[in-house]
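What follows is one structure encoded as structure tokens, with my remarks underneath.
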Amino acid sequence: MILTQFPGEISALVAALFWAIASVIYANVGTKIPPLGLNLIKGGIAIGLLLLTITFQSGGELPEFSPWVFGLLPLSGIIGIGIGDTAFFTTLNCLGPRRALLLETLAPPLTALIAFIFLGERLSLTAWGGIFITVLGIAWVITEQAPETLGIPLRLNRGLVFGSIAALSQSTGAILSHLALTQSGISPLWSTLLRILGGVAVLLLALPIQRLSPLALVKPLRSRRVLGIIIVATFFGTYLGIWLQQTALKFTAAGIAQTLTSTSPLFVLPIAIAMGETISFRAFLGALVAIFGVAMLFLA
């Protein structure tokens, strides 16, 4: 009943769960592979998984959709995945996970604001309140996490620049996907494939600029452990995560979808508890605040 009534909202929350799982897994390989390389590898693996899914689901038959949709979704991938994800991985290396995720909380209100200005997408006061309360709760949880222990040297200015680029790019990418999905009959599965193809294309073009050799990127994959980690994280975070995100953007408002998919830090808490970490009362209270905000979004 709740799935049929709120397909976009439920998809967004499940995507956030899968991104939380992927982020914990990626923490084991993020310092071994350059950000652009990691983004490119996971994009390539996800494209393979999506093509297999499309082949089994529809025999690989290309659906009919307008040329502008064919251009809009790869552009969404270029901005949101190619630029946004690479900027986020760079932010992780500059600031560490806690501060990087804190900057990511800029994305939901940015998305709602851009949708309001350019698409005329109006949200109720309850929805706006839900967005800001959810973001407040997420920020509260993130700032309560333990100090970084990964030995990452703090590069504040560079991290702030790339963190802002990541938030703006992901907001813009979400808006473009939302526009294509709601103004055409294209399925979230096909939009996911086109979006990732756009992201991978711009990453391939950026390789010479970054002076990165494809052989150097593939070298860490010789380790079965590293390869296995990346495949599992890509399955949850890129293949299923972006597919569910596109489903959310098709069936609910862009600002609401972006807010709910940004609740990954809340799902990290039970994972941390399962791994033996102690969660403070403040972090627990922050999670309750965010959950209250999420409830407001459902009521809206």
(request) Return yes or no: is Ile165 closer than 25 Å to Gly241 by Cβ, modelled with pLDDT of 90 or more and of a type in the set (Val, Ile, Thr)? (result) yes
(request) Among the candidates Leu197, Leu204, Leu189, single out the residue that is within 21 Å of the chain's Cα centre (by Cα) and either at positive phi or surrounded by fewer than 16 Cβ atoms within 10 Å (Cβ to Cβ) (or both). (result) Leu204
(request) May I ask you to say which residue of Ile114, Ile83, Ile131 is among the hydrophobic types (A, V, I, L, M, F, W, C), under 22 Å from Leu160 (Cα atoms) and crowded, with 22+ Cβ neighbours inside 10 Å? (result) Ile83
(request) For Leu125, indicate whether it is farther than 30 Å from Gly37 by Cβ and at pLDDT 90 or above. (result) yes
(request) Hey, can you tell me all the residues within the stretch 40-63 that are free of Cβ contacts under 8 Å to residues at least 60 places away in the same chain and charged (D, E, K, R)? (result) Glu61
(request) Of the numbered conditions (1) farther than 19 Å from Ala174 by Cα; (2) within 23 Å of the chain's Cα centre (by Cα); (3) surrounded by fewer than 24 Cβ atoms within 10 Å (Cβ to Cβ), Thr234 fails exactly one; give the number of that condition. (result) (3)
(request) Enumerate the pairs (first residue in the stretch 116-130 and in contact (Cβ under 8 Å) with a residue 12 or more places away in the chain; second residue anywhere and among the polar types (S, T, N, Q) and in a helix (DSSP H, G or I)) with beta-carbon separation below 8 Å, excluding pairs fewer than 6 apart on the same chain, so at least 6 apart or on different chains. (result) Gly130/Thr259
(request) Examine the stretch 217-240 for a residue that is at pLDDT below 85 and not in a helix (DSSP H, G or I), and state whether such a residue exists. (result) yes
(message) Can you find, within the stretch 248-278, the residue that is nearest to the chain's Cα centre (by Cα) among those that are buried (at least 17 other Cβ atoms within 10 Å of the Cβ), among the β-branched types (Val, Ile, Thr) and assigned to a loop (DSSP other than H, G, I, E, B)?
(response) Thr263
(message) Quick check on my filter: what residues within the stretch 86-110 are surrounded by fewer than 24 Cβ atoms within 10 Å (Cβ to Cβ), of a type outside the set (Phe, Trp, Tyr) and touching a Pro at 6+ places or on another chain (Cβ under 7 Å)?
(response) Thr90, Asn93
(message) Which numbered condition in (1) closer than 28 Å to Ser184 by Cβ; (2) within 14 Å of the chain's Cα centre (by Cα); (3) at pLDDT 85 or above is the only one that Asn39 fails?
(response) (3)
(request) Sort out which residues of the stretch 1-33 are within 13 Å of Pro220 (Cα to Cα) and modelled with pLDDT under 75, and write them in order of number. (result) Asn28, Val29, Gly30, Thr31, Lys32
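The values are calculated or read from the model by the stated rules, or taken from the named source; none is laboratory data. Because the structure is predicted, anything quoted here is derived from the model rather than measured. Using ideal geometry, Cβ is built from the backbone for each residue, glycine included, and neighbour counts are taken over all protein chains shown.
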